[in-house]
Every structure is written in C-alpha cells, then in structure tokens.
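Data block below; observations after.
The values are calculated or read from the model by the stated rules, or taken from the named source; none is laboratory data. Given the structure is predicted, the values throughout are model-derived calculations rather than measurements. Note: ideal-geometry Cβ built from the backbone for every residue, glycine included; neighbour counts use all protein chains shown. SASA here: full protein model, heavy atoms, side chains in, ligands and nucleic acids out. Shrake-Rupley method; radii C 1.70, N 1.55, O 1.52, S 1.80 Å.
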Amino acid sequence: MRAGIRHEFLYFALRNAKLRVGLSILLLFIVAALIGPLFARYDPNAYVGPPAHPPSPEYWFGTTTFGQDVYSQFAHGLRSTFVVGLIGGGIGTLLGILIGLVAGYRGGLLDEILNMFTNIVLILPTLAVLIIIAAYLTVRGILVESIFIGCTAWPWAARAIRAQTFSLRAREFVDLARMSGRSSLKIMLTEIAPNMMSYLFMTFILQFGGAILNAATLDFIGLGPTQGMSLGLMMNNAVLWAALQLGMWWWLIPPGAAITAIVGALYVMNVGLDEVFNPKLREL
C-alpha cells in the first residue's frame, strides 16, 4: 500500500509543472551553495583587487568599493542563506509540531496553557523582537541568528497542526491504538503525525522560506551577523556605500536576485505540492 502511495505521489509530482520548476531552481542554488565556495579564490572580506572593478575573467562578479571580490562574498553568503533556512526553518517546524501535536491530542488544561502561550508569541511583532534581541548582542553569528528566528517563527505552525490533530485524534485508528495500550507519545508520533506528513512537509518549506526572508531583513538593516558573510549583509553594504548610484550593479543585484529566486521557488514548490497532495487540485 505504501509503495502504491509513493508511486502515485511520484506520478503526479512529475506531472506538476510548478513543482518541477520550483524544485529545479532550488536545486540549482543548492548546488551553487555547495560547490561555489570551492571556486572562490579570495577571502570574502579581504581587499584583493582594484576598487569598483566590473565583472571580468579575474573577478567574475566584480569587486566592491573597497576591492573585495563580490563572487567570494556571494558564494559564501549563499551557503549561509541555506544554513539559516535549514536551522531556523527546522527549529520553527519542530517547535510547531511538538506544541501542536501535544495541545491537539491531550486537550484540556494543557491545551489551554499551550494555546495561550502560542497566542502570546503569535501577537508579538516578530521582526521587532528580533531587532531588539540582535541590537543587544555585540557578537552575532549565523547560528545565533538562525536559532532566534526559529524560536519566534513557530506559533502559526503550532495552531495549524493543533487543528489537524484535533481532527485526527477522533479517528478509529487512534481509538484502536489507545485500546492496544500504546502511550500517548507513540500514538502522536506513529499514528497521527504520519497521517499529516504532507502538511508537515509543506509547513517546513514555508518555515524555510520565512527564515531566509527574516534573516535577509535583519542583515539588510544592519543587524545581521557580525561574523561571517550573508546575502543580506552584501545588500546592506551595497546600499550603504551607494553601489546603485555609482553604477555598481554587480554588487547589489546578485544577492537580491538570489534571495528572490530561492524564496519564490520555495513558495512555487509549496503550491505545487498542495496540488499533488490534494486530489481535488491534481492535474490529470
């Protein structure tokens, strides 16, 4: 049965144009993030060439106002972008799953407490909280930024998963699992969670894209990592030193285009997966 479900999913996934396009773009950038730094000949922050040099065989993406190699910054920044998405999106998804499953399955007083906590975090202005936290940290890295983003991004996922769990816990297979003596934890992990795996996967995609956007926003306003390089930090430096006004498009456009393409591909993939998992939306 499971093999049949996998074959059915692959059949409709391969026929879905949105999923194919989004996945192709995402894989292209993943490959670039993995192998791109191997071709970077310079340290991202090193002053290695003539200032404001346009793209050339020596400097593929040109140089900054200070003679830094833009390609080296882009390659390392692209890798950092995926690290933030993976860690931040993973933490946000994991917290949302744990809190949503427990609140939806156990109900009662525990559900009320978790739901109240979720609502409190949900109404907090996430970006403002991240700005305040980042402003008070004198030393910030990619890992710290990712953790903070993940710890503030889970409430909407928790509420949605809680609603799904409420629906599933009344099903017959869950009642049979209770009568067989299984623990609540086993029921949540082996009976309820697998039956909404498609929804959980799409939740992770949205969390992944949201983490990248939040990180780019923090970096762009100057509250990104003080150690390392990121695409948002590249854009911040380019705007700060008037790259566009000086005609240095090669410093500003690559990071902005990459962030737009990655986040856009993730959301297109999410729409495609929704069409694949939902029989009413499938392309026959």
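Miscellaneous remarks
- The relative contact order of segment 54-156 comes to 35 percent, based on Cα pairs under 8 Å that sit 6 or more residues apart.
- Chain lengthening between Ile132 and Tyr267 when straightened (0.36 nm per residue, less Cα-Cα): 45.8 nm
- FRET efficiency, Leu14 to Leu94 (Cβ-Cβ, R0 25 Å, nearest 0.05): 0.25
- Length gained on full extension, Asn195 to Leu38, computed as 0.36 nm times the residue gap minus the Cα-Cα distance: 52.4 nm.
- Span-rule helices in the chain, defined as complete DSSP H runs reaching 24 Å or more along the axis (Cα) with Kyte mean at least -0.5: 17-35, 70-106, 197-220, 249-277
- Normalised per residue, the accessible area of the chain is 52 Å², obtained with a 1.4 Å probe and no contribution from ligands, DNA or RNA.
- Among Gln68, Gln164, Gln245, residue whose mean-square fluctuation peaks in a GNM of the chain (springs only between Cα atoms under 10 Å): Gln245
- Between Phe117 and Ile147, the contour length at 0.36 nm per residue exceeds the Cα-Cα span by 8.9 nm.
- Choice from Pro225, Pro155, Pro57 with maximal GNM fluctuation in the chain (Cα, 10 Å cutoff): Pro57
- Centroid-to-centroid, using Cα positions, segment 112-127 and segment 48-88 are 39 Å apart.
- Descending by average beta-carbon neighbour count within 10 Å, the peptides 45-51, 259-265 line up as 259-265, 45-51, the highest first.
- Inverse of mean 1/r across different Cα pairs in the chain, Kirkwood, Å: 20.9
- Span from the segment 166-202 Cα centroid across to the segment 214-234 one, whole angstrom: 40
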